[in-house]
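The values are calculated or read from the model by the stated rules, or taken from the named source; none is laboratory data. On a predicted model such as this, the values are computed, not experimentally measured, just so you know. Cβ coordinates were reconstructed from backbone atoms using ideal geometry, including for glycine residues, and neighbour counts include every protein chain displayed. We work out accessible area using only protein heavy atoms, side chains counted, and drop any ligands, DNA or RNA first. Shrake-Rupley method; radii C 1.70, N 1.55, O 1.52, S 1.80 Å.
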Amino acid sequence: MRDPRELLEAILELHAHVRDDVVAATERQHVEALAAVDRDHAGDTIYAIDVVGESVVATFAERLAHQHAFVLVAEGLPGGRRSYPEGRDEASADWWIIIDPIDGTRGLMYQKRSAWVLTGVAPNRGPATSLKDIVLAVQTEIPLVKQHLSDQLWAVRGETPDVRRHNRLTGESRPIVLRPSSAHGIEHGYASIARFFPGGREDLAAVDEAIVLGALGPPAPGKARCFEDQYASTAGQLYELMAGHDRFVADLRPLVGALLGSRGLPPPLTCHPYDICTALIAEQNGVIVTDPYGGPLDSPLDVEAEIAWAGYANARIRAHIEPLLQEALRTRGWIDATRPFEQQ
């Protein structure tokens, strides 16, 4: 396998261009213009602000193809992927590169919260190439207009992640350290079940309540013993775990699809591989990321797979919360009760 670091500088440059171009667009255009729907895909809605990032990625891919052969996986491509250089057979490519130009579009276009540029790189294993094959991951914060600092993180499998804080006013970047929480539990900390879009919210909230009740017992009158944060960005959720801001996060939206179908309702918008293609960074930084059964997270590198996941700031929190999560899911029939619990 070739060294993935060969691609790092080009990807960092791509991320910087997307960040800067999107910030410039948010400075020039009104919120309503950025929030206009450009088109609808099966996986998600593409807004005007997304198009800014897509154009930068297209230019990046053409330039990178002068030096590398790769399969690009991204929304908007026919079949969800394309080989570069143009006309090159997929089997002869060195890499699969999966990109999400803006993860957290909705919060950013309304200037509520940062979004993220995401890229994962895996050696070519054909259509079987998956999340677990990713050997290089980069995620870069796209800040709000009123925000002058933003973070950029990257990791090579088996190595400690690099994290840098960029000052867009001076152009300077400096290294920083992110540390997940060392707390033993979720009391007086942030612990959340993702339910930021319509579709099964009340059912997901019931799982949240069951976990909190099991972990902390009945609440005292007028007191809040833990909190939640509905950050509508998978990369943002992982960042919050890495930074010590959150202790537990789970995104279970794919698991409510059958339940909604039984009610005559459509499936919900869910997490896809491009949303979580930088999980490697969190894992290399000490965060534990699992599938709903407690096993290693994995999925084909495509734009269609629906991914349910859980993240824990440390092993003690996992030991405390995961059995409660498993019980809540099995009780509701959301996962196979006969499948054994997995321990990474």
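Could you list, in sequence order, the residues of region 297-344 that are of a type in the set (Gly, Ala, Ser), under 13 Å from Val256 (Cα atoms) and open to solvent by 40 Å² or more (accessible area, probe 1.4 Å)?
The answer is Gly333, and nothing else.
For Gly295, are the conditions met, namely being of a type in the set (Gly, Ala, Ser) and either touching a residue at least 40 places away in the same chain (Cβ under 8 Å) or in contact with a Lys or Arg (Cβ under 9 Å, 6 or more places away or on another chain) (or both)?
On the way: of a type in the set (Gly, Ala, Ser): yes; either touching a residue at least 40 places away in the same chain (Cβ under 8 Å) or in contact with a Lys or Arg (Cβ under 9 Å, 6 or more places away or on another chain) (or both): yes.
For Gly295, the condition - of a type in the set (Gly, Ala, Ser) and either touching a residue at least 40 places away in the same chain (Cβ under 8 Å) or in contact with a Lys or Arg (Cβ under 9 Å, 6 or more places away or on another chain) (or both) - is met.
Those residues that are among the acidic types (Asp, Glu) and closer than 23 Å to Asp3 by Cα, I need them from region 36-85; list them, please. Working first, answer last.
At the first step, the residues of region 36-85 found to be among the acidic types (Asp, Glu) are 38, 40, 44, 50, 54, 62, 75.
Result: Glu62, single match.
Would you confirm whether or not region 306-320 contains a residue that is under 22 Å from Phe197 (Cα atoms), in a loop (DSSP other than H, G, I, E, B) and more than 13 Å from the chain's Cα centre (by Cα)? Break it down into steps so the answer makes sense when it comes.
First, the residues of region 306-320 that are under 22 Å from Phe197 (Cα atoms): 306-311.
Adding the requirement that they be in a loop (DSSP other than H, G, I, E, B) leaves 306, 308.
Okay, now just the ones that are also more than 13 Å from the chain's Cα centre (by Cα), so none.
No, every residue in region 306-320 fails to be under 22 Å from Phe197 (Cα atoms), in a loop (DSSP other than H, G, I, E, B) and more than 13 Å from the chain's Cα centre (by Cα).
Just checking, which of Ser192, Ser233, Ser262, Ser173 is among the hydroxyl-bearing types (Ser, Thr, Tyr), farther than 19 Å from Thr278 by Cα and in contact (Cβ under 8 Å) with a residue 40 or more places away in the chain?
Working: Ser233 fails: farther than 19 Å from Thr278 by Cα; Ser262 fails: in contact (Cβ under 8 Å) with a residue 40 or more places away in the chain; Ser173 fails: in contact (Cβ under 8 Å) with a residue 40 or more places away in the chain.
Only one candidate passes the filter, namely Ser192.
Enumerate the strands (runs of 3 or more DSSP E) found wholly within region 148-250, keeping only those where 2 or more residues are open to solvent by 70 Å² or more (accessible area, probe 1.4 Å), closer than 24 Å to Ala282 by Cα and out of contact with any Phe, Trp or Tyr (no Cβ under 8 Å at 6 or more places or on another chain). Explain how you work it out, then say what you get.
On the way: elements: 149-156, 162-167, 173-175, 190-193.
The strands (runs of 3 or more DSSP E) meeting that bar are 173-175.
In this structure, is Leu280 within 30 Å of Val57 (Cα to Cα) and either touching a helix residue (DSSP H, G or I) at 6+ places or on another chain (Cβ under 6 Å) or aliphatic (A, V, I, L, M) (or both)? Give the derivation first.
On the way: within 30 Å of Val57 (Cα to Cα): yes; either touching a helix residue (DSSP H, G or I) at 6+ places or on another chain (Cβ under 6 Å) or aliphatic (A, V, I, L, M) (or both): yes.
Here the answer is yes, as Leu280 does meet what is asked.
When the residues of region 251-272 are filtered to those that are among the aliphatic types (A, V, I, L, M), assigned to a helix (DSSP H, G or I) and open to solvent by less than 40 Å² (accessible area, probe 1.4 Å), which remaining residue is nearest to Val303 (Cα to Cα)? Lay out the reasoning, then the answer.
The first filter runs over region 251-272 and keeps only residues among the aliphatic types (A, V, I, L, M), leaving 252, 255-256, 258-260, 265, 269.
With assigned to a helix (DSSP H, G or I) added as a condition, the list becomes 255-256, 258-260.
With the extra rule that they be open to solvent by less than 40 Å² (accessible area, probe 1.4 Å), the set shrinks to 255-256, 260.
On the way: Leu255: 18, Val256: 20, Leu260: 22 Å.
Only one residue fits best here, namely Leu255.
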